[in-house]
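Down below is the structure, laid out as structure tokens.
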Amino acid sequence: MQIIIFGAPGVGKGTQAKILASKLNIAHISTGDILREAIKKGTDTGMKAKAIVETGGLVPDDIMGGIIKDALKEDRCKNGYILDGFPRTIEQAKILSAILNELKVEKLTLIKLDADDQVIISRLSNRLVCSKCGNIIVKSNYSSNFNCPVCKSVDSYIKRKDDDEEVIRKRLKLYHDTTSPVFNYYKDKAEIVEINGTESIDNITKNILVKMGKG
Ligand code: AP5
Ligand code: MG
């Protein structure tokens, strides 16, 4: 099963992708997570991407194409995958089409999550991320000596550098100007599942699975 989860920054792509990957037994490929890991390790890609990611820009298409090509060839993708954060430009969509052709993938599902910018700004301003394992929580659930419920690290939650309001607004503008047209590219190339992203996390998962015929 090959899925793209699509939508604005902060609409809940990562939250749903993680749940769906576990329920459907497929890999979760988040290009944002891959870039943040590369930045943390100080790899060549990480050094090229650091300033771009932290200021809410888009990493060049050739770098992203290389990352996705490598990721899709990993063993963990054998049973399928959910792409979170890719493609973000028409050029990236074309790169993905070429890779999927090469891998003889015939069926693709695109899940589109929608929410207003105001909801997104509020969510991202209140998001904290575990610096050790990447788990996400909302700020109101955080207190000092907080134990990560996933990796058990203590006091490991931080605000992402790109979750400052000014950077959030820049990411949203880039989404509306550059990424949202990618949706049209897939209208005749994928099964489209459109979902209201403002419901509860559980309801969104249920709605996605029902619309995919997996509920
Ligand atoms: P990336 O990590 O992909 O960031 P993003 O698209 O901006 O998305 P986010 O991770 O911020 O949000 P999300 O939709 O995953 O929402 P989440 O589930 O966390 O990319 C980061 C950067 O890397 C980019 O800006 C770019 O620089 C670079 N990059 C990555 N891919 C690239 C590419 N292909 N090309 C070029 N550059 C690339 O949810 C958000 C918050 O809301 C959380 O706190 C969560 O708990 C909460 N929440 C989620 N669902 C709900 C709900 N239903 N109700 C209430 N709260 C909810
Ligand atoms: Mg994410």
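The values are calculated or read from the model by the stated rules, or taken from the named source; none is laboratory data. What you are looking at is a predicted structure, and each value in this text was computed from that prediction instead of being measured. For neighbour counting, all protein chains shown are included, and Cβ atoms are generated from backbone atoms with ideal geometry for every residue, glycine included. Side chains are part of the model used for accessible areas, which takes the heavy atoms of the whole protein and leaves out ligands, DNA and RNA. Shrake-Rupley method; radii C 1.70, N 1.55, O 1.52, S 1.80 Å.
Structure notes:
- Residue count for region 130-148 under the criterion of being over 18 Å from Ala8 (Cα atoms) and within 13 Å of ligand 1 (Cβ to nearest atom): the result is 9.
- Of the numbered criteria (1) within 16 Å of ligand 2 (Cβ to nearest atom); (2) surrounded by 20 or more Cβ atoms within 10 Å (Cβ to Cβ), the one Leu58 fails is (2).
- For region 139-151, the condition holds for at least one residue, the condition being that it is in contact with a strand residue (DSSP E or B) (Cβ under 6 Å, 6 or more places away or on another chain), assigned to a helix (DSSP H, G or I), free of Cβ contacts under 8 Å to residues at least 24 places away in the same chain and surrounded by fewer than 16 Cβ atoms within 10 Å (Cβ to Cβ).
Here is a yes/no grid of residues against (1) assigned to a loop (DSSP other than H, G, I, E, B); (2) more than 27 Å from Ile201 (Cβ to Cβ); (3) within 11 Å of ligand 1 (Cβ to nearest atom):
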{"position": "Ile29", "(1), (2), (3)": "no, no, yes"}
{"position": "Lys40", "(1), (2), (3)": "no, no, no"}
{"position": "Gly57", "(1), (2), (3)": "yes, yes, yes"}
{"position": "Arg88", "(1), (2), (3)": "yes, no, yes"}
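- Condition met for Leu128 (part of a helix (DSSP H, G or I) and among the aliphatic types (A, V, I, L, M)): no
- Residues of region 42-55 classified as without any contact (Cβ under 8 Å) to a residue 40 or more places away in the chain, of a type in the set (Val, Ile, Thr) and not in a helix (DSSP H, G or I), total: 1
- Only one of the numbered conditions (1) more than 8 Å from ligand 1 (Cβ to nearest atom); (2) open to solvent by 10 Å² or more (accessible area, probe 1.4 Å); (3) in a helix (DSSP H, G or I); (4) of a type outside the set (Gly, Ala, Ser) is violated by Leu20, and that is (2).
- Verdict on Val193 being among the aliphatic types (A, V, I, L, M), under 22 Å from Gly10 (Cα atoms) and either open to solvent by 90 Å² or more (accessible area, probe 1.4 Å) or away from ligand 1 (no atom under 11 Å from the Cβ) (or both): yes
- Output for region 17-34, where each listed residue is away from ligand 2 (no atom under 13 Å from the Cβ) and either of a type in the set (Ser, Thr, Tyr) or at pLDDT below 95 (or both): Ser22
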